[in-house]
Amino acid sequence: MSVAIDHGYLPTGKYIINHDIMNCTAGPVVGNYLYSGRALGVSEPRDIIQLHPDLKPLWDDITQHYHRIGLSHTENVIWDIHLRELGSHINHHPSVFYYGPKECRYWGDRDWLYAVEYINSKNNFVSLANELGIEVPKTQIYNSVNEINMVDVQSRFTYPCYLKSAISVAGVGIYRCDDSFELIEAMGRFKEGIPVQIQEEIKTTTFLNLQYRIIGNDVLRLAASEQILDGFAHQGNRVPASHEPWKQLDPMAYWLKDHGMKGIFAFDVAVVQTDRGLRFIAIECNPRFNGATYPTMIAQKLDIPEWSSISMHTQYSNLSDIDLSDIEFDNKTGEGVIIVNWGTALLGKIMVLLAGSREYQQALEVELAARL
């Protein structure tokens, strides 16, 4: 088997970009209709981007911010997020957050759809990982909660464990169970016929995100980042990561390429220290862009080697009211703040990239929080 190519940012071709997430996220995600804006920073002038019309009032401010920091982007905007645009622009390939049945309807690449839908199932992911010799947590797979043996619930499973829907969105359908009583309660939340899995809890505080990109027949290692956690909650990502276990995941990346995968996808990996050394345990595959992709591609476009990305609350709904004087990213120093997810400012939240050394990032976060 070939080894994936180490490669950072690589602009190729022309894209019609629609990164609306409404088709594949849970309803309770606040402001999910505003997330299409975060793809602006990964675009190029030759691309076309679709944005939600509610983002229009922020357009001038975000483009001025990007111009000041030297971040290239398209200005060819369609203020409409309907997917029919995906197949309506000659010589433009689709760039979407998630390639699902609705996207396939307008582009027609059924092999891509197959690869995405197959690996988006956590049950399929575990089965394929076992077949390829990739370490995953101990997992029991079921086609329905009705298949779970109550004797196993009482005596076989090790607690705490997780009961997971095979297909979950934004953490919905995932329950941490401290004992058999909590597991039984969680089982009652699933309808009959919904595939689930019971998975051991991995004892670690270090989780990685390994992103790949497929271009033509090549599998590229896009970036390895480390998750920033607050307890069990994912707060953001940091580069460089403490570890980069590419070789462990390359076999699955190539399997996905061979079965139709296109564009960007990523794996979440737990790092566990044992008496015998480090274990890298694959948790799941995200067959799509993820939250780390946007700051990753912006950082690579601007040659930023060390950064973190976090979401922050703000009292301001206008970007022009956010004071970035003296802390905005400076191409000469390679340090400063870049606004990545700007559309959600309308609801009091932004995602930013903090560039510089770890110490400088911490200082930036404190200073920016005081200004927000």
*Using the structure shown, decide if residue 69 is among the hydrophobic types (A, V, I, L, M, F, W, C) and out of contact with any Asp or Glu (no Cβ under 7 Å at 6 or more places or on another chain).*
no
_Quick check on residue 303: is it acidic (Asp, Glu), in a strand (DSSP E or B) and farther than 22 Å from residue 58 by Cβ?_
no
*asked:* Where the second residue is of a type in the set (Phe, Trp, Tyr) and at pLDDT 95 or above and the first is farther than 22 Å from residue 225 by Cα and lies in segment 249-269, which pairs have Cβ atoms under 6 Å and are six or more apart or on separate chains?
replied: 260/112; 260/114
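Table: residues versus (1) buried (at least 21 other Cβ atoms within 10 Å of the Cβ); (2) of a type in the set (Gly, Ala, Ser); (3) over 19 Å from the mean Cα position of the chain (by Cα).
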position: 275; (1), (2), (3): no, no, yes
position: 289; (1), (2), (3): yes, no, no
position: 295; (1), (2), (3): yes, no, no
position: 300; (1), (2), (3): no, no, no
*Taking residue 317 and the conditions (1) surrounded by fewer than 24 Cβ atoms within 10 Å (Cβ to Cβ); (2) touching a residue at least 40 places away in the same chain (Cβ under 8 Å); (3) within 27 Å of residue 53 (Cα to Cα), which numbered condition does it fall short on, given that it satisfies the others?*
(2)
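To keep it simple, each residue is scored yes or no on (1) surrounded by 21 or more Cβ atoms within 10 Å (Cβ to Cβ); (2) modelled with pLDDT under 95.
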position: 194; (1), (2): no, yes
position: 214; (1), (2): yes, yes
position: 223; (1), (2): yes, no
position: 236; (1), (2): yes, yes
position: 247; (1), (2): no, no
position: 268; (1), (2): no, no
*Is it true that residue 281 is assigned to a strand (DSSP E or B) and more than 20 Å from residue 355 (Cα to Cα)?*
yes
*Given the residues 364, 324, 353, which is the only one that is closer than 19 Å to residue 70 by Cβ, at pLDDT 95 or above and in a loop (DSSP other than H, G, I, E, B)?*
324
*Residues 364, 368, 372, 346: which one is touching a helix residue (DSSP H, G or I) at 6+ places or on another chain (Cβ under 7 Å) and either surrounded by 20 or more Cβ atoms within 10 Å (Cβ to Cβ) or not small (Gly, Ala, Ser) (or both)?*
346
*Can you pull out the residues in segment 30-59 that are without any contact (Cβ under 8 Å) to a residue 24 or more places away in the chain and among the charged types (D, E, K, R)?*
56
*From the set of residues in segment 7-64 that are among the charged types (D, E, K, R) and under 17 Å from residue 297 (Cα atoms), which is modelled with the lowest pLDDT?*
14
*Please specify each residue of segment 335-345 satisfying the condition of being touching a residue at least 60 places away in the same chain (Cβ under 8 Å) and within 22 Å of the chain's Cα centre (by Cα).*
338, 339, 340, 341, 342, 343, 344, 345
*Applying the selection to segment 185-230, what residues are in a strand (DSSP E or B) and of a type in the set (Phe, Trp, Tyr)?*
207, 212
*Out of curiosity, is residue 304 closer than 24 Å to residue 95 by Cα and touching a Leu at 6+ places or on another chain (Cβ under 9 Å)?*
yes
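The values are calculated or read from the model by the stated rules, or taken from the named source; none is laboratory data. What you see is a predicted model, and the numbers here were worked out from it, not measured in a lab. Quick reminder, even Gly has a Cβ in these numbers, built from the backbone with ideal geometry, and neighbours come from all protein chains shown.
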